[in-house]
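Engineer: The structure is given below, and queries will be raised subsequently.
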Amino acid sequence: MDRIEQVDGPVHAFLAVDRERAIESARRVDERIAAGEKLGPLAGVPIAVKDLFCYRGMPTTAASRMLEKWVPPYNSTVVQRCLDAGLVVLGKTNLDEFAMGSSTETSAFGPTHNPWDLDRVPGGSGGGSAAALAAHEAPLALGTDTGGSIRQPAAVTGTVGVKPTYGGTSRHGVIAMASSLDQPGPCARTVLDTALLHEVIGGHDPMDQTSIDQPVPATTEAARIGEVRGMRIGVVKELSGEGYQPGVEARFTETVELLTRLGAEVVEVSCPNFEYALPAYYLIQPAEVSSNLARYDAMRYGLRLDDDGDHSAEQVMRATRGAGFGEEAKRRIILGTYALSAGYFDAYYGSAQKIRTLIQRDFAQAWRSCDALVAPTTPTVAFTLGERTDDPMAMYRADLCTIPANMAGVAAGSFPCGLADGLPVGLQVMAPVMADDRVYRVGAAVEHALKESWGHSLLSEVPDPAKEDAR
Ligand code: GLN
């Protein structure tokens, strides 16, 4: 709590801090330990929660004016599982509005700053959670990943983030954005911490129709083993070249060489349909957004404007949706409604769904010769605040490497693999559906070997935002 107070002014990772409840629940854990109770490994550990997860007793805003004062009447399954495991919720972290964006700049409550360089973005949409980790404001955090919102912020802040297999973690009580792609996941500073959190939040939930009824993959064990000897690892040929920062490609190539030295069998793999993942995502994702965001009708919950008796329901709706949604949310609603409209449905939404199938086939083909796939997590390091806000296409390209995994529902994570121009670079590891443990296995091997060669972890190099010279 003191640390948050010290550094969150310049970083702005948190939208709300829940000081009293956090201290109270920590005290309760202490009492249970003193009473000799045997608690789980994360009992008493503080966690920062992306403000997209319903958590009773404080607002869940989705970083939107639309839900600014809305307090949910129930906990999301993922938050409830954290509470049951004795984790201490510190508060809610900033994000792009309704999790649409790659920089947290579409948040209605102002952007988060990257602790590595306060003039740069922490990625998005989960930039608040990632920045909270990098600034040492929290050791654990929750994120959601629809097109890269866990992995891309992890990459540009030098932290770890995993998007579980679609259906591996429950979406119940997570504000819906694009339901066929959204997936909650764990974020932390180390691979083992991320794996421990994964096992707390993962597993079947009857409240989520798409939840997979299978045991959680053994992520903690995989993170402890961290051995890639004998693993077949594929380098995705298409995720390189034009548009990729040379420093990012250099760190990636070195990490692939490292994996070979550690005993992995590395091969090049072609996934020809990955190049269509981004355009197909920007038809499917907005289509689902236009449907999911229709519920903010000013009638049931959230913001309501012009409710003075002189306006019709339609006028109230129009005024509320006009003022309540930011520009990016409106752009997606309009795009999605258009893609779904009669006469265009087959050409846009229909074609995009076919591409989705082709991407799934590319993965299926790759798994015939590989246990896991690797690529850079992002084409560039963190960009400066404001640099891409007027250029949606440039903003969307930040997710070039992360979107294929969402389109196919496979497991994927990002792990720090060095610096380029003084800023963190992420290694992305992808693995088949319900083989999330392999993501951790590769991540842990890289983390261990790099820490040994550097003599310290990457995050020990983050400038302290509390120190004057860091600004
Ligand atoms: N940046 C992507 C988008 O804007 C992905 C967001 C996400 O994963 N939540 O849609």
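The values are calculated or read from the model by the stated rules, or taken from the named source; none is laboratory data. Keep in mind the model is a prediction, meaning the values are calculated, not measured. Cβ coordinates were reconstructed from backbone atoms using ideal geometry, including for glycine residues, and neighbour counts include every protein chain displayed.
Engineer: With the condition kept exactly as written, say whether any residue in region 281-289 is more than 13 Å from the ligand (Cβ to nearest atom), in contact (Cβ under 8 Å) with a residue 40 or more places away in the chain and on the phi < 0 side of the Ramachandran plot.
Structural biologist: No, region 281-289 has no match at all.
Engineer: Tell me which residues, restricted to region 174-187, are crowded, with 24+ Cβ neighbours inside 10 Å and more than 10 Å from the ligand (Cβ to nearest atom).
Structural biologist: If the condition is that a residue be crowded, with 24+ Cβ neighbours inside 10 Å and more than 10 Å from the ligand (Cβ to nearest atom), then Val174, Ile175, Pro184, Gly185, Pro186, Cys187 are the ones that fit.
Engineer: Which residues, counting only those in region 121-164, are more than 13 Å from the ligand (Cβ to nearest atom) and either surrounded by fewer than 24 Cβ atoms within 10 Å (Cβ to Cβ) or charged (D, E, K, R) (or both)?
Structural biologist: His136, Glu137, Pro139
Engineer: Can you spot a residue in region 297-308 that is at pLDDT 95 or above and within 23 Å of Ser369 (Cα to Cα)?
Structural biologist: No, region 297-308 contains no residue that is at pLDDT 95 or above and within 23 Å of Ser369 (Cα to Cα).
Engineer: Something else now. Quick one: in region 316-339, of everything that is of a type in the set (Val, Ile, Thr), buried (at least 18 other Cβ atoms within 10 Å of the Cβ) and away from the ligand (no atom under 14 Å from the Cβ), which residue is farthest from Pro286 (Cα to Cα)?
Structural biologist: Step by step, filter region 316-339, then rank; the result is Val316.
Engineer: Please state which of the following conditions Asp117 fails to meet, knowing it meets all the rest: (1) surrounded by fewer than 24 Cβ atoms within 10 Å (Cβ to Cβ); (2) within 12 Å of the ligand (Cβ to nearest atom).
Structural biologist: Looking at each condition in turn, Asp117 falls short on (2).
Engineer: Which of the residues spanning region 209-240 are surrounded by fewer than 19 Cβ atoms within 10 Å (Cβ to Cβ), in contact (Cβ under 8 Å) with a residue 60 or more places away in the chain and either hydroxyl-bearing (Ser, Thr, Tyr) or not in a strand (DSSP E or B) (or both)?
Structural biologist: Gln214, Ala218, Glu221, Arg224, Ile225, Glu227, Ser240
Condition check ((1) more than 27 Å from Val121 (Cβ to Cβ); (2) among the β-branched types (Val, Ile, Thr); (3) buried (at least 16 other Cβ atoms within 10 Å of the Cβ); (4) at pLDDT 95 or above) across all residues:
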| position | (1), (2), (3), (4) |
| --- | --- |
| Gln360 | yes, no, yes, yes |
| Ser369 | yes, no, no, yes |
| Leu373 | no, no, yes, yes |
| Thr377 | no, yes, yes, yes |
| Thr384 | no, yes, no, yes |
| Met395 | no, no, yes, yes |
| Cys401 | no, no, yes, yes |
| Pro404 | no, no, yes, yes |
| Leu419 | no, no, yes, yes |
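Engineer: Exactly one of these conditions fails for Asp421: (1) without any contact (Cβ under 8 Å) to a residue 12 or more places away in the chain; (2) closer than 25 Å to Ser102 by Cα; (3) acidic (Asp, Glu). Give me its number.
Structural biologist: Going through (1) without any contact (Cβ under 8 Å) to a residue 12 or more places away in the chain; (2) closer than 25 Å to Ser102 by Cα; (3) acidic (Asp, Glu) one by one, Asp421 breaks only (1).
Engineer: Additional query: Determine, yes or no, whether Asp145 is touching a His at 6+ places or on another chain (Cβ under 9 Å) and of a type in the set (Asp, Glu).
Structural biologist: So Asp145 fails the test.
Engineer: Would you call Thr112 within 12 Å of the ligand (Cβ to nearest atom) and either within 16 Å of the chain's Cα centre (by Cα) or surrounded by 24 or more Cβ atoms within 10 Å (Cβ to Cβ) (or both)?
Structural biologist: Spelling it out, it is not the case that Thr112 is within 12 Å of the ligand (Cβ to nearest atom) and either within 16 Å of the chain's Cα centre (by Cα) or surrounded by 24 or more Cβ atoms within 10 Å (Cβ to Cβ) (or both).
Engineer: Return the only residue of Tyr344, Tyr348 being of a type in the set (Phe, Trp, Tyr) and either part of a loop (DSSP other than H, G, I, E, B) or out of contact with any Phe, Trp or Tyr (no Cβ under 9 Å at 6 or more places or on another chain) (or both).
Structural biologist: Tyr344
Engineer: Also, I was wondering about something else. Hey, does region 58-65 have a residue that's outside any loop (DSSP other than H, G, I, E, B) and polar (S, T, N, Q)?
Structural biologist: no
Engineer: Next question. Within region 272-311, work out how many residues are buried (at least 16 other Cβ atoms within 10 Å of the Cβ) and in a helix (DSSP H, G or I).
Structural biologist: 19
Engineer: What residue, of Val410, Val446, is at negative phi, more than 16 Å from the ligand (Cβ to nearest atom) and either aliphatic (A, V, I, L, M) or buried (at least 23 other Cβ atoms within 10 Å of the Cβ) (or both)?
Structural biologist: The conditions single out Val446.
Engineer: Quick check on my filter: what residues within region 81-104 are assigned to a loop (DSSP other than H, G, I, E, B) and within 11 Å of the ligand (Cβ to nearest atom)?
Structural biologist: Leu95, Asp96, Met100, Gly101, Ser102, Ser103, Thr104, listed by residue number.
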